[in-house]
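Participant: Got a structure here, written out as structure tokens. Questions coming.
No lab work stands behind these numbers, since they all come straight from the coordinates. All values derive from a computational prediction rather than experimental measurement. Virtual Cβ from ideal backbone geometry, glycine too; neighbours counted across all protein chains shown.
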């Protein structure tokens, strides 16, 4: 197991008994942060922020490559994790650089240099550089999907060029898009869910979800809202945990199905554990719900 601290320290633990195996310390705990979870690939993890991005061997904690030239240090950054697709490492960081980053998993070298430079004006002009969350990958269209500011951004995985931008409701959102057979499912924080077409990003359906809580629950808002976590999609059902303590289910067409109380606000996605769905409440507790009971 690999754990990461906000200060940038990375540690490896024995999965059987939790014994500490190695530690890869941060070179500067006050300026080299790691807000996102480690992304695993080929016996390694990629972790860090735009000022210090590292690939670390999980066998011994050695640094395979490190990039400290992608952006200057920022005290306030987006809490994103790298997306890894084969040899491609994708990171879309806020507030800089001005375009998504595509690196080689093997060497850490830039893969999208020219394409990113050509697209950077588009990102600056429309505030789409505000990529707040971790990217997702659509294998069918070979595009990388980034949650932006009031928009979802698609770039070509091979070149990094801007493919399409889907503008929709919502401002700040650090929730990753979810790729389904019907389209791209987007969490609009504080408001609801939106399904986008996979080819050009046009809106297929938009669902506003009322909150059962009479007060604001989502960040940076004075209005009541319950949607923050990304949904879990299993078969043809959307399972959406909400900040008002409700687990809601929907069809892939956006039709409401059921609503069950979890008894605690939920800000993290549900985890599929076979016939059970595991959730994490804001009170620090862990709960399990029978999947069939939610349908």
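Participant: Rg and Dmax of the stretch 179-295, Cα atoms, in Å?
Facilitator: Taking only Cα atoms of the stretch 179-295, I get Rg and Dmax of 13.7, 40 Å.
Participant: Let me ask you something else. Would you please calculate the Kirkwood hydrodynamic radius of the stretch 1-47 over all C-alpha pairs and express it in Å, rounded to one decimal?
Facilitator: Values: mean 1/r = 0.0900 Å⁻¹.
Computed over the stretch 1-47, the radius equals 11.1 Å.
Participant: Quick check: the distance between the Cα centres of the stretch 1-57 and the stretch 224-280, to the nearest angstrom?
Facilitator: The stretch 1-57 and the stretch 224-280 have Cα centres separated by 30 Å.
Participant: Also, quick follow-up: Please report the antiparallel percentage of DSSP beta bridges with both residues in the stretch 179-295, rounded to the nearest 5. Present the calculation step by step, with values, prior to reporting the outcome.
Facilitator: On the way: 33 of 34 bridges.
Among the beta bridges of the stretch 179-295, antiparallel pairing accounts for roughly 95 percent.
Participant: Can you give the extra length, in nm with one decimal, that the chain gains between residue 42 and residue 210 once fully stretched, where that is 0.36 nm per residue apart less the Cα-Cα distance? Don't jump to the answer; show the numbers that get you there.
Facilitator: Numbers: separation 168, 0.36 × 168 = 60.48 nm, distance 4.28 nm.
Stretched out fully, the residue 42 to residue 210 stretch lengthens by 56.2 nm.
Participant: Can you tell me what the convex hull of the Cα atoms of the chain projects to on average, as an area in nm²?
Facilitator: Result: 15.3 nm².
Participant: Still on this structure, I have one more. Please give the per residue volume of the convex hull enclosing the alpha carbon atoms of the stretch 35-88, rounded to a whole number of Å³. Before the final figure, lay out the partial values.
Facilitator: Details: hull volume 4.4 nm³, N = 54.
Output value, Cα hull per residue: 81 Å³.
Participant: Using Cα pairs closer than 8 Å and at least 6 residues apart in sequence, work out the relative contact order for the chain, in percent. Don't jump to the answer; show the numbers that get you there.
Facilitator: On the way: 754 pairs, mean separation 21.7, N = 295.
Once divided by the residue count of the chain, the mean separation gives 7 percent.
Participant: Taking the beta-carbon count within 10 Å as an exposure proxy, list 80, 68, 19 from fewest neighbours to most.
Facilitator: Values: 80 25, 68 15, 19 9.
Fewest to most other Cβ atoms nearby, the residues stand as 19, 68, 80.
Participant: Could you calculate the FRET efficiency of residue 288 with residue 6 from 1/(1 + (r/R0)^6), where r is the beta carbon distance between them and R0 is 25 Å, rounded to 0.05?
Facilitator: Working: r = 28 Å, r/R0 = 1.14.
The computed FRET efficiency comes out at 0.30.
Participant: Calculated from DSSP H runs of 4 or more alone, at -39500 (n - 2.57) each and per residue, what is the 222 nm mean residue ellipticity of the chain, nearest 500? Mind showing how you got there, number by number?
Facilitator: Working: 1 runs with 14 residues, N = 295.
So the calculated ellipticity at 222 nm is -1500 deg cm²/dmol.
Participant: Also, I was wondering about something else. With a point put 7 Å past each Cα toward its Cβ, work out how far residue 203 is from residue 60 in nm, to one decimal.
Facilitator: My value for the distance between the label points is 5.5 nm.
Participant: Hey, another quick one. Set the Förster distance to 25 Å, then compute FRET efficiency between residue 234 and residue 140 from the Cβ-Cβ distance, nearest 0.05.
Facilitator: Values: r = 19 Å, r/R0 = 0.76.
Using R0 = 25 Å, I get an efficiency of 0.85.
Participant: Full extension from residue 17 to residue 273: what is 0.36 nm times the residue separation minus their Cα-Cα distance, to one decimal in nm? The partial results should precede the final answer.
Facilitator: Values: separation 256, 0.36 × 256 = 92.16 nm, distance 2.17 nm.
Extra length available between residue 17 and residue 273 comes to 90.0 nm.
Participant: Shifting gears a bit: At a Förster distance of 30 Å, what's the computed FRET efficiency of residue 161 paired with residue 106, Cβ-Cβ distance as r, to 0.05? Kindly include the intermediate steps, with their values, before the conclusion.
Facilitator: Numbers: r = 22 Å, r/R0 = 0.74.
After rounding, the FRET efficiency stands at 0.85.
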